[in-house]
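To start, the structure itself, in structure tokens.
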Amino acid sequence: MTTEPGAAPPFWDEACRHLRRRDRVLKRLIPQFGEARLPGRGDAFYTLARAVGGQLSSVKAAQSGGERFAALVGGGEPPVDPQRVLRLSPQDLRSAGLSLRKAEYLLDLARHFDEGRVHAGQWAAMDDEAIIRELVAIRGIGRWTAEMFLIFHL
């Protein structure tokens, strides 16, 4: 599933209705903040690449590194795609301020997407554990990163 950057995921309104019915605190809070949305982050590959690149970095360093990475692969927001990343060497990625290890992780992520070993188009219909299993098979993505991806992307 791909959500436009800044747009609420398609399930958002139904989730809010459900939470209002089931939780007495949220029943009062949701109407007060009814227009607030947890925005989607856009493209799955780009979101995961930014997560991997930003691991163990300060927020500011992760943002700066993400911008350099996006500029290196051709333009910022999607279409930062796996094929563009696969045309780069680890040394090219290091020029964006990534460690050699993170560069290797990003190349592995790109290979997984390029070879169809992740099924992003089917994630909306898959359960969380199945998605997590796909993601943790990628070097540099652990359970925590996969769970954060589920929260902020799906």
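Each reported figure results from applying straightforward, stated rules to the coordinates on display, with no laboratory input. As the structure is a computational prediction, the values presented were derived from the model and not from experiment. Here Cβ is always computed from backbone atoms with ideal geometry, including for glycine, and neighbour counts include all displayed protein chains.
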So, by mean Cβ neighbours within 10 angstrom, what's the order for 128-138, 64-74 with the highest one leading?
64-74, 128-138
Go ahead and run the numbers for FRET between GLN32 and ALA125, Cβ-Cβ distance against an R0 of 30 Å, rounding to 0.05.
0.35
